[in-house]
Each structure stands twice: as C-alpha cells, then as structure tokens.
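The values are calculated or read from the model by the stated rules, or taken from the named source; none is laboratory data. Nothing here was measured: the structure is a model prediction, and the numbers come from that model. Every residue, glycine among them, receives a Cβ derived from its backbone with ideal geometry; neighbour counts consider all protein chains shown.
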Amino acid sequence: MLWRMRLSRLFRDHHVQHEMRTHGRKNGFVTKGQEQRLARWLPKIGLMAEQTLSDCGFSSAAPIVMEIGFGNGDFLVHLAEIEPEWQLLGVEIYLPGVAKAVGRLEDAGVISRCRISQLPAQMVLGRQVAEQQLDGLYINHPDPWPKVRHHKRRLIQKDFAALLVSRLKVGGFIRLASDKPDLAEWMRDILDQTVGLRNVAGVGGFVPRGDDRPFTKFEQRGIKEGRDSQFLHYVREA
C-alpha cells in the first residue's frame, strides 16, 4: 500500500516561502517519498524569498522561461523535455503540488535546469525577476474565480499585465490557456489593451491549440465536462 499523508505544520513552516495572504488550498496529501525528495531538492533548486533569479546559477546565454502555477509539474516537465536549451522557473504556492513536481522533474532527468519559487506570482515578478530577464512565460488554466465579487482575485489584471510586459525581453512571449470562456475573454481583453503586447491571432483572437501541447490535468477535466480550452499567444514588441 502507498501511504499518503498531509505535510506537517513543521515541514510547511520550514519550506513555505510566501508571506502575503493567498487564496485557495493550503495543504494536501503527499507520500513519504515525495516529502523526502522535496526536502532534498528545495535547498538546491528553490528560489528563496530573499533571492533573485540572477542568484540562482542560470546561464545568461540560455533562454529563461517561466511557468506561473505549475500545479503538479506535468507541463513544466514537458517544456524541459522538448526545449533542452531552456532554463525554467516554475512558480507554485501549493506545497504538495511542488512536492509532486519535484519528483516528476527528477525522474525525467531535467531538474538541474529548473528553479522553483513559492512566492505569489506578483512577488516573484516584482522582487525576483529583473526587467527584460524572461524570454517567455506560460500561464495555464489559472483559477477562474467565477463569482463577480471575486474577479479582483483573478491573476490577470491591468497592473499585473504591465508587470508581465516589463519582465519580458523584446520578442519574448506570453502564452495562456483556459477552459472557462469568461476567463479566457477576460484575459484576452486585458492583454489586448496592454501597451507593448501584440496578440499573435489579432485583436480579439485566439490561437489554435499547439500540436505538441500536452493535455494537462485541468484541460482534461474541462473536456470531460464539455469545455474546450482556448489559447492566447502574445509577443512583446519594442
């Protein structure tokens, strides 16, 4: 039998990095092996709250691409496998998800090219990433916060979009996905109006699903519930 347990308060207090209020899940189940691998790898690939991306040992000659909200790490592993030259920064505040991702990255043999920050995305971009330091950025199926009174919690807001642009190199990309039409349109409308970004599909448009894109857990869930995902692709212009 594979024993599953919750991460202890002591373990979470030692490893959780974010200090601002966050919404959503705070704890979940992991295996003993996942906890052990997390404890072994986070000191090596974790980007601590006081560190910046320039401190993490990445080469300045290779592209740096960031995924916000990587969940259990499936898409992060996919990127590392299909883009062997990329250095990857994964952002995730849900520690059991980080534990699962670390195991997948280690098993795939790509963990040395990855760094993980547990700060909220706003803090990662504001504190840890310098202007024009990123070559690309992925946001897959962010929380839709469907109730109108919760729309202010949605990740993509006008100020956050401007911050995203400032961290991208000229020619860098932002790629997004959502299976919730309301959220997809919300993100598109904000990003279409963000200075410095060009919608590859044209204003108001969505791009086709990429042939090499894996079906993530959230995309599969949407399909089961009768929802196809929509995809956005933006490029930073000078």
*Between a first residue in region 142-156 that is touching a residue at least 12 places away in the same chain (Cβ under 8 Å) and a second residue that is among the small types (Gly, Ala, Ser) and part of a helix (DSSP H, G or I), which pairs have beta carbons less than 9 Å apart while being 6 or more apart in sequence or on different chains?*
155/121
_Residue under evaluation residue 94, criteria (1) within 24 Å of residue 140 (Cα to Cα); (2) more than 13 Å from the chain's Cα centre (by Cα), criterion not met_ = (2)
*asked:* Pairs please, first residue from region 195-216 and modelled with pLDDT of 95 or more, second anywhere and of a type in the set (A, V, I, L, M) and in a loop (DSSP other than H, G, I, E, B), Cβ atoms under 7 Å, 6+ apart in sequence or on different chains.
replied: 207/200; 207/201
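When you check residue 175 against the structure, is it among the charged types (D, E, K, R), in a loop (DSSP other than H, G, I, E, B) and surrounded by 15 or more Cβ atoms within 10 Å (Cβ to Cβ), yes or no?
Working: among the charged types (D, E, K, R): yes; in a loop (DSSP other than H, G, I, E, B): no; surrounded by 15 or more Cβ atoms within 10 Å (Cβ to Cβ): yes.
Spelling it out, it is not the case that residue 175 is among the charged types (D, E, K, R), in a loop (DSSP other than H, G, I, E, B) and surrounded by 15 or more Cβ atoms within 10 Å (Cβ to Cβ).
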*What number goes with the only condition from (1) more than 23 Å from residue 126 (Cβ to Cβ); (2) of a type in the set (Lys, Arg); (3) in contact (Cβ under 8 Å) with a residue 60 or more places away in the chain that residue 169 does not pass?*
(1)
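Which of the residues belonging to region 38-47 are at pLDDT 90 or above and either acidic (Asp, Glu) or surrounded by 14 or more Cβ atoms within 10 Å (Cβ to Cβ) (or both)? I'd like the intermediate steps shown before the answer.
Going residue by residue through region 38-47, those that are at pLDDT 90 or above are 40-47.
41, 42, 45, 46, 47, listed by residue number.
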*Flag if residue 226 is at pLDDT below 95 and part of a loop (DSSP other than H, G, I, E, B)*: yes
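This table checks each residue for (1) under 21 Å from residue 29 (Cα atoms); (2) modelled with pLDDT of 95 or more.
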position: 50; (1), (2): no, no
position: 57; (1), (2): no, no
position: 78; (1), (2): no, yes
position: 91; (1), (2): yes, yes
position: 94; (1), (2): yes, no
position: 98; (1), (2): yes, no
position: 116; (1), (2): yes, yes
_Count of residues meeting criterion [within 18 Å of residue 148 (Cα to Cα) and part of a helix (DSSP H, G or I)] in region 179-201_ = 10
*All positions within region 177-208 that are basic (Lys, Arg) and over 20 Å from the mean Cα position of the chain (by Cα)*: 198
_For residue 30, only one of the following conditions fails: (1) surrounded by fewer than 17 Cβ atoms within 10 Å (Cβ to Cβ); (2) touching a helix residue (DSSP H, G or I) at 6+ places or on another chain (Cβ under 9 Å); (3) over 30 Å from residue 197 (Cβ atoms). What is its number?_
(1)
*Of all residues in region 139-154, how many are among the hydrophobic types (A, V, I, L, M, F, W, C) and not in a loop (DSSP other than H, G, I, E, B)?*
2
